[in-house]
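**Student:** Below: one structure in structure tokens.
Every number here is computed from the coordinates shown, using simple stated rules; none is lab data. The shown structure was predicted, so the numbers you read here are calculated from the model rather than taken from an experiment. Cβ placement follows ideal geometry from the backbone for every residue including glycine, while neighbour counts extend to all protein chains displayed.
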Amino acid sequence: MADYRKMWEELGMDVDLHDQLCAVLPQAFGDVFLSQENRPDSMDYYNMVVADIHGIRPAELIEHQKKGGKVFGTFCVYVPDEIVFAADAIATGLCGGSQFWVPGGEKVLPANTCPLIKASVGARLDRTCPFFRIADMFIGETTCDGKKKAWEILSKDVPLHVMDLPQMKRAKDIRAWAEEIETFKNVVEKFTGNEVTAEKLAESITLINNKRKALERLYNLRKNENLPISGCDVLLISQIAFYDDPVRFTQMTNKLCDELDQRVKDGVSVVPAGTKRIMLTGTPLAIPNWKLHNIVETSGAAIVCEEMCTGTRYFENLVDESKTTLEDQYMALAERYMKINCACFTPNEGRIDDILRLAREYKVDGIIDVNLKFCNLYDTEGYFVEKAMKEAGIPVLGIETDYTDSDAGQLRTRISAFIEMLDNK
Ligand code: SF4
Ligand code: SF4
């Protein structure tokens, strides 16, 4: 990482503690990503972004703030970035994916809280992540119980607005979410001092749709028999999508896809023919959580799809761009966002349909259903996932894990046995 110490000090970060994180990340990144063979050249951009993840983008956000702009930190794919960008503000993801931040979260949260929540709270309270220092306002949501209570704690330390996400998907719930989006727009307008007009919102709807289209293009390339890019690399790109400038990210991802198109034409694959194709389903893998992808892809299989928030749930379905009034745009946003199938909804049968559809589209040989420890929602829904996959004849392995490396050996054993079983099928 380049030297951004002065910037981190000015952000009020605990720079000495942060040094410990900076000391381990390059090694972890090198082990997982740079050791891969035959990576696309266009991955250089994402390597660069992640090499200076606490420098380059934070510096851009601070620059934006110096010009009077605001930054909003978000934690969930239901929060519509479109509203933020329409107010000339910037939205950035804040979900924590490192064990480094977990002890900080455990100081104020029960130990049996999921690591994603503990890491997100720890990153703020320990002052060891620039994004958590820069964001002028955090946006929470009423998804799972752990998050709802975490917002109450974080709100004592930083301005925080909570969006009330319905728990069902009836017509009245979609209308309620449209109203909640309008309330969010009012909050953002007041906080930024900038008006969100229908024209501005139309522009930002297109902006974010373009990002979704680029990600969809990338994912579609993974449907090929010849796999032009590894699962590790796509996960990294999906994680960076939450932080990067959306225009630049879209441009760079389309550039990568041009290179991958050529690979497909040339019959280039990053894995040998016959390599088993795995889909991961379940809880999100926030940056820098690369553990499972690394284990799967160094155990002889390839990950071809993630039915996760760091995956298809982030980009599938576009917002209708034809609406010209704010009222209609709120509804168009609500309709698109309520198509995301998170386990916080009841019932959530749409998610099972998604998994079955994705398994077909990506020609998967087996599914690993991933649950972050202490996530009751996805853990419970795992019952239906496994049942439906068994009925469909798709092999499935359910695993529970956290951010530590303590279970890496055991996971490798179980995943290797699963892949071996697929190889012998
Ligand atoms: S898993 Fe659910 S609560 Fe978590 S980020 Fe995804 S949609 Fe939001
Ligand atoms: S993984 Fe589960 S418990 Fe953790 S934040 Fe997401 S929904 Fe909540």
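**Student:** Could you list, ordered by first residue, the pairs with Cβ atoms under 9 Å in which the first is in segment 374-390 and among the β-branched types (Val, Ile, Thr) and the second is within 13 Å of ligand 1 (Cβ to nearest atom), at least 6 apart or interchain?
**Tutor:** Qualifying pairs under 9 Å: 380/343; 385/281; 385/282; 385/351; 385/378.
**Student:** Just checking, which of 346, 325 is β-branched (Val, Ile, Thr), over 25 Å from residue 297 (Cα atoms) and within 16 Å of ligand 1 (Cβ to nearest atom)? Let's see the steps before the verdict.
**Tutor:** Details: 325 fails: within 16 Å of ligand 1 (Cβ to nearest atom).
One residue alone meets the criteria, 346.
**Student:** To continue, here is another question. Across segment 112-128, what is the number of residues that are of a type in the set (Asp, Glu) and crowded, with 23+ Cβ neighbours inside 10 Å?
**Tutor:** Summing the residues that are of a type in the set (Asp, Glu) and crowded, with 23+ Cβ neighbours inside 10 Å in segment 112-128 gives 0.
**Student:** Now, a different point. Output the number of the condition that residue 97 fails; it satisfies all remaining conditions of (1) touching an Asp or Glu at 6+ places or on another chain (Cβ under 9 Å); (2) farther than 25 Å from residue 210 by Cβ; (3) within 16 Å of ligand 1 (Cβ to nearest atom).
**Tutor:** Residue 97 satisfies every listed condition except (1).
**Student:** I'm checking my understanding of the structure. Among residues of segment 145-162 that are within 20 Å of the chain's Cα centre (by Cα) and part of a helix (DSSP H, G or I), which one is farthest from residue 375 (Cα to Cα)?
**Tutor:** That would be 151.
**Student:** Ok, one more. Only one residue in 162, 158, 234, 196 is hydrophobic (A, V, I, L, M, F, W, C), in contact with a strand residue (DSSP E or B) (Cβ under 7 Å, 6 or more places away or on another chain) and more than 16 Å from ligand 1 (Cβ to nearest atom), so which one is that?
**Tutor:** One residue alone meets the criteria, 158.
**Student:** Related question: Out of 55, 105, 96, report the one residue that is in contact with a Ser or Thr (Cβ under 6 Å, 6 or more places away or on another chain), small (Gly, Ala, Ser), closer than 22 Å to residue 127 by Cβ and buried (at least 16 other Cβ atoms within 10 Å of the Cβ).
**Tutor:** The unique qualifying residue is 96.
**Student:** Would you be able to tell me the number of residues in segment 286-307 that are hydroxyl-bearing (Ser, Thr, Tyr) and farther than 18 Å from residue 34 by Cβ?
**Tutor:** Count: 1.
**Student:** Does residue 363 meet the test of being surrounded by fewer than 16 Cβ atoms within 10 Å (Cβ to Cβ) and not β-branched (Val, Ile, Thr)?
**Tutor:** It is true that residue 363 is surrounded by fewer than 16 Cβ atoms within 10 Å (Cβ to Cβ) and not β-branched (Val, Ile, Thr).
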